[in-house]
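The values are calculated or read from the model by the stated rules, or taken from the named source; none is laboratory data. Note that the coordinates shown come from a computational prediction; the quantities given were computed from them, not determined experimentally. Cβ sites come from the backbone with ideal geometry, for glycine too, and all protein chains shown count toward neighbours.
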Amino acid sequence: TRQLYVDGVRAQRARGAVPVTLTQTATGYTASSDTLAHWKHPSDAEFVYTSGESLWNVERNGLGQWTEPRCRIAAAEAATITMVQPCWDNSNKRVEFPDIPGRTVSMVGPGHLTNGGRATYVENAYELLDQPGEWYLDRTAHRVYYLPRKGENLTRADVEAAQAEKLIDGRGTAAAPVHDLAFRGLQFSYATWLTPSGPEGFSEIQAGYTITGEKGWATQGLCQYVEGGTCPFASWTKMPGNVSFAYGQRIAFSDDVFAHLGASGLDLGTGSKDSTVGASVFTDISGNGLEIGSVDGQTPASGVQVTDNHLYGLPREYHGGVAILNGWTQNTTIAHNQIDHVGYSAVSLGWGGWPDKIGDPATPNPSHDNTVRDNLIFDYMQMLDDGGGIYTQGLTGTSLADGEKVTGNVIHDQWGLGKNVYTDNGCTYETVEGNVLYNASYANVASRHTDYRDTLGNNDPTLVKDNWWEEGTADGDNKGLVTTGNKIMAAPSDVPPEILGNAGLEPAHRALLNRRVGAVSTPEAPSRVGTSTAGVDALYVTFNASFVDGGSPVTGY
């Protein structure tokens, strides 16, 4: 297992700073001393590479500001540390375009772990077990070590070590779909995901998608750009759901709880049709909360309705995950949800827009008529960067008429660098209308991209109208990027209250906000702590506060 829960509270795998200086090699590292070779079981330990924005003496590690890859140690002998394969190569090797220096064919992030491959911290080692609430799994002896929190009595405690990777695994086919099932008033908890503990590790691309397989870095998802590349472009491996359906029709989830889970919570994947997720809670999930559809070129999900859910306090382990991940889908509606206190983007839609970085059109896909409306999103991107409250990339339809609609959402208090509504690479035919956008740490709406489907030099067709924001582009038509009727606000009080009040859970479901999962617990320690001096008399400290505090107020550290 990778997760342990004591009385409904997730325990932290023992972790700490890497106790030696590391110099990266082709197979791992040379350490400044043989400390790790003397650990009880160094091959249990995992290096974690947290990204985010660099600030003062805080490094930006990982594979891009939006990622947090992790790889396990294979062996530590003397000062030589060997990392597991293929995780190590998939995190450190990329094919580059021969005529575009420095540009990887994947077109996503750097070509290798940054900062000389330095790990942010190391996790799951007996020698790091030093804080109440931490635990360590000795895989060789099949023994769990745990340091109790104050007041815990393990003779009476409910201790859960998740072992199953699937709680429900519904698989149909296009010819014989799973159909007409309803799940009401249930809690789905205590499942794990073991792949990151093995040779594959977690070589993250974005939003929980990873590069997998031997020499995956050389061919996976690279399609027409390399010999033997798999198609479509960017078809990397999606994080699985602990509850999942493929080719499911009319599957309904209502008044359910998805919590204490080690992968993604719920995956309505390839071929999902006319299914609903409503009035449910998603929290304390290691990765993505809810996943819809896929990006592998198979049958797209269609007609999925996601309404009146509360998603908060996630992802707990793979911090590049998102609350709602929507791939290539049709007629999907994401409406009247509340999403708060998440580590990266709140809602991520689309895929495969990166070719515009080299002047190629976005990857063709079947998406159309998707709507994200009337959601309340706040306190997001609390750990990583370069994302948004609602983030979209790639083609969203065939015209503004059937392209993605982002309307009536209230989005505010973004911590990491990004945008309230982010139209990223290749995002085409999106309408952003009637939203209230404020307290973004970079911009309310962005960004402009060239439309490479022809040689006219226009921008990806986008309509931005009648929004309330703190800053934005003046009215005009910038070669297909149309902005009109948007209003500058000095404070939320400038916005008509009926507009603000319409976002988020509808009145019949607002009691859902009082439903909390798990016991009140001590908050996690802050991460990415940095300092800077100002003259001789002042010291500034910056840190990422915990966004998963178990319901306990934070008054100081």
### Query
Looking at L463, is it assigned by TED's automatic domain parsing to the domain that holds P492, over 20 Å from the mean Cα position of the chain (by Cα), part of a strand (DSSP E or B) and over 29 Å from I358 (Cβ atoms)?
no
#### Entry: Odd one out for K479 among (1) modelled with pLDDT of 90 or more; (2) of a type in the set (D, E, K, R); (3) loosely packed, with under 11 Cβ neighbours inside 10 Å
(3)
## Note on the structure
Within the range 313-337, the residues that are out of contact with any Lys or Arg (no Cβ under 9 Å at 6 or more places or on another chain), part of a strand (DSSP E or B) and surrounded by fewer than 24 Cβ atoms within 10 Å (Cβ to Cβ) are Q330
#### Entry: Verdict on G52 being under 30 Å from F258 (Cα atoms), assigned by TED's automatic domain parsing to the domain that holds N115, in contact with a Phe, Trp or Tyr (Cβ under 7 Å, 6 or more places away or on another chain) and part of a loop (DSSP other than H, G, I, E, B)
no
#### Entry: Whichever residue in the range 359-412 is among the β-branched types (V, I, T) and over 22 Å from the mean Cα position of the chain (by Cα) and, among such residues, is farthest from D466 (Cα to Cα)
T398
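Among the residues of the range 418-439, is there at least one that is of a type in the set (D, E) and loosely packed, with under 15 Cβ neighbours inside 10 Å?
Within the range 418-439, none of the residues are of a type in the set (D, E) and loosely packed, with under 15 Cβ neighbours inside 10 Å.
Given the structure, is S275 polar (S, T, N, Q) and touching a strand residue (DSSP E or B) at 6+ places or on another chain (Cβ under 8 Å)?
So S275 fits the description; yes.
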### Query
Any residue at all in the range 540-549 that is without any contact (Cβ under 8 Å) to a residue 60 or more places away in the chain and under 21 Å from G418 (Cα atoms)?
yes
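With surrounded by fewer than 16 Cβ atoms within 10 Å (Cβ to Cβ), within 29 Å of the chain's Cα centre (by Cα) and not assigned by TED's automatic domain parsing to the domain that holds R94 as the only criterion, which of L154, L181, L167 stands out? Give the steps one after another, and end with the answer.
Working: L154 fails: within 29 Å of the chain's Cα centre (by Cα); L167 fails: surrounded by fewer than 16 Cβ atoms within 10 Å (Cβ to Cβ).
Matching residue, one of L154, L181, L167: L181.
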### Query
If you take the residues in the range 286-306 that are in contact (Cβ under 8 Å) with a residue 40 or more places away in the chain and β-branched (V, I, T), which one is nearest to R60 (Cα to Cα)?
V295
